[in-house]
Amino acid sequence: MNNSIINFPLPANEPVKAYMPGSPERVALEKELERQSKLVVEIPIIIGGKEIRTGDMGEVTCPHDHQHVIARYHKVGKKEVEMAIDAAMKAWKEWSCTPWTTRAAIVMKMAELLATKYRPIMNAATMLGQSKNFFQAEIDSACETIDFFRYNVHYASKIYAMQPKDGVAQLNHTEYRPLEGFILAVTPFNFTSIASNLCMTPVLMGNVALWKPSTTALLSNYYLMQLYKEAGLPDGVINFLPGSGALIGEVATESKYFSGIHFTGSTATFKSLWKQASMNVDKYISYPRLVGETGGKDFIFVHPSADPKAVATAAFCGAYEFQGQKCSAASRMYIPKSLWAGVLEDMKAMAAEVKMGDVMDPSNFINAVIDKASFDKAKSYIDFAREAKDAEVVMGGNCDCSKGWFVEPTIIETSNPHFKSMEEEIFAPVLTVYPYDDEKWEEVVKECDATSPYGLTGAVFGRDRMAVEKITDALRYTAGNFYINDKPTGAVVGMQPFGGARASGTNDKAGGEFNLIRWIIPRVIKETLVSPTDYRYTYMK
Ligand code: NAD
């Protein structure tokens with residue numbers, strides 16, 4: 001038995017590769033894109049390490065070329081979900097008792113495999129399946145995924161080292177047990193790193209998982225399963241269940257072994273899973289842990305003292321990178337009237353410069369939104385604004401679905417701080433702007449706080465530091481990740497642990513200790529070195 005105390009020091013963040021023409025990473029990625037774009041991968045269900053094919057098939061297409069099928073997948077039925085619960089609970093017996101350093105070693109190997117052999121594979125799959133450009137894929141499916149692996153191991157080592165003090169003639173320690181059951185990980189389409197992290201954080205802490213991947217991110221998610229296996233993750237620790245979320249959620253939350261949900265996606269879906277868990281609470285061995293990061297209506301609040309060039313750049317990148325489909329994407333902006341004309345002009349100049357199209361062409365800054373439902377939703381909000389009396393589409397607004405699901409970077413300007421698209425999440429490259437009278441900024445800050453039910457990210461711009469302080473205080477509950485003079489996107493593991501409250505989630509901060517702590521149930525053990533043999537108090541003797 002290895003009895004070493006192994007150190008896992010704070011890691012460095014994985015460097016973002018530049019993909020300059022002719023660089024080794026660019027050559028490798030282009031070759032892999034070429035290879036994957038000629039394949040139609042058959043994606044099985046994976047339960048207890050075994051591939052299962054139900055023959056009930058679905059298709060995965062490229063969002064920027066919706067006639068291009070890149071994968072076909074087998075859908076689970078009720079039987080397969082039940083099999084997955086059995087397989088997970090079988091794997092739990094060994095995995096929950098495996099030394100944590102062995103689990104950590106497997107996770108560290110995942111990071112190394114992804115930094116090397118799997119880097120082009122994961123990036124190409126994320127580009128083709130989720131329509132990300134070179135840069136957006138690299139920061140997600142390579143760097144952030146690697147960072148989650150390495151940082152979580154470091155944070156786990158800190159948690160295990162947290163021990164109570166000893167008393168006289170006694171030894172005290174805390175054993176950090178995994179939960180007594182399985183975790184249901186339900187993952188979104190928009191980040192490969194989130195898909196990986198929602199399974200791997202509980203698994204690192206000794207738990208087993210049923211993984212319900214998003215059907216629009218299946219290609220990259222399937223390659224993650226291959227990476228896990230190659231890194232040495234035992235069969236059955238993660239069971240891969242493509243198919244209907246509603247079905248999987250229903251069967252999983254009825255099991256007595258259901259011990260938690262690790263979810264990222266829309267507010268409505270998380271609420272429905274929460275309700276199902278509540279309805280079944282009498283069936284469970286323990287109270288389940290419900291951890292969810294959900295929707296957002298992320299804002300930029302501009303004070304009259306702000307630098308307009310910085311505002312225009314932040315609004316453009318914050319609202320339009322990855323087609324506005326980052327949960328943190330800027331989607332509403334409050335700006336003084338004195339600054340708006342200049343900022344709009346700068347944003348229009350940027351929009352005129354950027355190209356939109358296929359991910360294979362690296363000169364495209366904007367690619368497609370994920371699917372038809374997303375395209376239709378974005379278009380309906382733009383159409384609504386076109387018809388509205390209190391709003392106007394002042395930039396972009398064109399939508400073209402002839403080849404892919406393309407929505408131009410769009411600005412809706414409104415005179416109504418409660419206009420529909422100031423309040424509701426769209427999840428597309430649509431920014432709604434409310435220009436206000438400069439002297440009313442303190443009133444408008446209150447509107448910003450009260451306008452939307454969400455509380456995920458927000459940013460304030462201003463050179464008057466005292467005013468910025470006032471705004472930061474007034475907006476205390478509007479965001480779990482708050483930025484000063486920066487765009488509200490781009491959280492980095494180890495630097496800005498991510499998550500929001502209100503209708504945006506349970507704020508358990510992916511990429512930090514808070515999240516890892518949700519996946520353990522501590523047992524405190526007191527050992528008395530010499531046990532008392534007399535019941536009387538000292539003064540009675
Ligand atoms: P979604 O809610 O449509 O889907 C998320 C997952 O839930 C998918 O795997 C889906 O198949 C599954 N699902 C759908 N209906 C279900 C049901 N009834 N029961 C069980 N599972 C079900 O979300 P999405 O479109 O994949 O992602 C976009 C949403 O995710 C946006 O609202 C965005 O704000 C949010 N998001 C939030 C964060 C964050 O950190 N707060 C991060 C990324 C995305």
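Taken together, the values in this text are just the output of simple stated rules run on the coordinates, not laboratory data. Since the structure is predicted, the reported quantities are computational estimates derived from the model, not experimental observations. Every residue, glycine as well, gets a Cβ built from its backbone with ideal geometry; the counts of neighbours run over all protein chains shown.
Counted over all Cα-Cα pairs of the range 182-298, pairs farther apart than 22 Å make up 28 percent.
Contact order normalised by length for the range 298-484, with contacts defined as Cα pairs under 8 Å and 6 or more residues apart; what percent is it? Once normalised by length, the contact order is 28 percent. Rg and Dmax, both from the Cα atoms of the range 450-541 and both in Å, are 23.7, 74.
Coupling constants for the range 454-468 follow from the phi torsions by the Karplus curve (6.51 cos²θ - 1.76 cosθ + 1.60, θ = phi - 60°), and in residue order they are 8, x, 8, 10, x, 9, 10, 10, x, 9, 7, 5, 5, 5, 4 Hz; glycine and proline get x.
Cross-linked pairs 446/487; 90/526; 212/420; 79/117: Cα-Cα separations exceed 26 Å for 90/526; 212/420; 79/117. Helix 267-279 and the longest principal axis of the C-alpha atoms of the chain enclose an angle of approximately 30°. The amide H of residue 483, built 1.01 Å from its N in the peptide plane, has 458, 459, 460 as neighbours under 5 Å, considering only residues 5 or more places off or on other chains. Secondary-structure-derived ellipticity at 222 nm for the chain, considering helices only, amounts to -12000 deg cm²/dmol, per-run term -39500 (n - 2.57) for DSSP H runs with n ≥ 4.
A cut-off of 5 Å between modelled amide H atoms, ignoring neighbours fewer than 5 places along the same chain, links residue 61 with 70. Taking amide H as placed 1.01 Å from N in the peptide plane, residue 507 has its amide H under 5 Å from the amide H of 292, 500, each at least 5 places away in sequence or on another chain.
Across the range 55-61, coupling constants 3J(HN,Hα) worked out from phi with the 6.51/-1.76/1.60 Karplus curve, θ = phi - 60°, read x, 8, 9, x, 10, 10, 10 Hz, and Gly and Pro carry x.
Give the shape of the range 133-192 as rounded, prolate or oblate, defined through the alpha-carbon gyration tensor: a ≥ b ≥ c are the square roots of its eigenvalues, a/c under 1.5 means rounded, and otherwise the shape is prolate if a/b is larger than b/c and oblate if not. Oblate is the answer for the range 133-192, as a/c is 1.5 or above yet b/c matches or exceeds a/b. Sorted fewest first by neighbouring Cβ atoms within 10 angstrom, 399, 97 come out as 97, 399.
Taking packing as the residue-averaged number of other Cβ atoms within 10 angstrom, the listed peptides 72-80, 123-131, 495-503 run from highest to lowest as 123-131, 495-503, 72-80. If both residues of a DSSP beta bridge must be in the chain, then about 40% of such bridges are antiparallel. Among the listed pairs 271/470; 132/372; 372/403; 229/283; 78/283; 229/372, which have their C-alpha atoms separated by more than 22 angstrom in this model? Check vs 22 Å cut-off fails for 271/470; 229/283; 229/372. Neighbour counts of C-beta atoms inside 10 Å place 92, 405 in the sequence 92, 405, starting with the fewest. Where does helix 145-161 land angle-wise versus the long Cα axis of the chain, in degrees 0 to 90, nearest 10? Tilt of helix 145-161: around 40 degrees.
Computed from backbone phi, the HN-Hα couplings of the range 23-30 come to 5, x, 5, 5, 4, 4, 5, 5 Hz, rounded to whole numbers (Karplus: 6.51 cos²θ - 1.76 cosθ + 1.60, θ = phi - 60°; Gly and Pro given as x). The convex hull around the C-alpha trace of the chain, projected and averaged over every direction, spans 30.1 square nanometres.
Rounding to the nearest 10 and keeping the result within 0 to 90°, find how far the Cα-based axis of helix 218-231 lies from the longest principal axis of the chain. Approximately 30 degrees, to the nearest 10. Among 300-312, 162-174, the peptide with the highest mean count of other Cβ atoms within 10 Å heads the list, and the full ranking is 300-312, 162-174.
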